[in-house]
Amino acid sequence: MAAAIEDRQRRIPVSAARLRRAVDRALAAVGRPAGVVEVSVVDDAEMRGLNADWRGIRRRTDVLAFPLEAPAAASPLVGQIVISADAAARQARRLRVPLAVELDLLATHGTLHLVGWDDRDPVEADLMHRREREILRDAPSRLWRGLLRD
């Protein structure tokens, strides 16, 4: 098991098994199939607090990634991802995709952050979103609407 899932919210149903598969797929795609990722699913209020505490940004976000700063050989733990179920539900509605598909994207996006991918620079963001699209090759293309430059 490469992902440990903790659902700390109760409003939005989340499949832990599906999140685990999304993380496993992303880890395998980046050459870390034996890695372990801890995933916490939270609500907007908790996410806003975490974003303020860790990034100094007092607003909600959809996913945060906390990479473990240790050599891969020292620990199988790659890091922790925190996903806002509320944000995932809003984004899924806006894009007209199933919630599970949006959660797959957020788990994949967070996992890529854990292994060093960055989306702060527009060019790097484009590369990261293209990598997500490769990993989630069966997802509808509208999942990346507004994220990819075609």
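The values are calculated or read from the model by the stated rules, or taken from the named source; none is laboratory data. None of these values were measured; they are calculated from a predicted model. Reconstructed Cβ throughout: ideal geometry from the backbone, glycine too, with neighbour counts over all protein chains shown.
Give the residues of segment 64-86 that are at pLDDT below 95 and of a type in the set (A, V, I, L, M, F, W, C), sorted by residue number. The answer is LEU68, ALA70, ALA72, ALA73, ALA74, LEU77, VAL78.
Out of all the residues in segment 39-50, is one or more crowded, with 18+ Cβ neighbours inside 10 Å, in contact (Cβ under 8 Å) with a residue 60 or more places away in the chain, under 14 Å from LEU114 (Cβ atoms) and not basic (Lys, Arg)? The answer is yes, given that some residue of segment 39-50 is crowded, with 18+ Cβ neighbours inside 10 Å, in contact (Cβ under 8 Å) with a residue 60 or more places away in the chain, under 14 Å from LEU114 (Cβ atoms) and not basic (Lys, Arg). Return the residues of segment 78-96 that are assigned to a helix (DSSP H, G or I) and either charged (D, E, K, R) or within 15 Å of the chain's Cα centre (by Cα) (or both); say none if nothing qualifies. Of everything in segment 78-96, those that are assigned to a helix (DSSP H, G or I) and either charged (D, E, K, R) or within 15 Å of the chain's Cα centre (by Cα) (or both) turn out to be ALA85, ASP86, ALA87, ALA88, ALA89, ARG90, GLN91, ALA92, ARG93, ARG94.
Whenever a residue of segment 91-105 is at positive phi and without any contact (Cβ under 8 Å) to a residue 60 or more places away in the chain, its partners that are part of a helix (DSSP H, G or I) and not hydroxyl-bearing (Ser, Thr, Tyr), lying with C-beta atoms within less than 7 angstrom and at least six residues away or across chains, give the pairs ARG96/ARG142.
Entry remark, segment 97-144: residues being surrounded by fewer than 18 Cβ atoms within 10 Å (Cβ to Cβ), in contact with an Asp or Glu (Cβ under 8 Å, 6 or more places away or on another chain) and assigned to a loop (DSSP other than H, G, I, E, B) number 1 in total. Whenever a residue of segment 74-85 is closer than 11 Å to VAL42 by Cα, its partners that are among the small types (Gly, Ala, Ser), lying with C-beta atoms within less than 7 angstrom and at least six residues away or across chains, give the pairs ILE81/ALA65; ILE81/ALA107; ILE81/GLY110; VAL82/SER40; ILE83/ALA107; ILE83/GLY110. Selection of segment 1-24 for residues being in contact with a helix residue (DSSP H, G or I) (Cβ under 6 Å, 6 or more places away or on another chain) and within 16 Å of LEU112 (Cβ to Cβ) yields ALA2, ALA3, LEU19, ALA22, VAL23.
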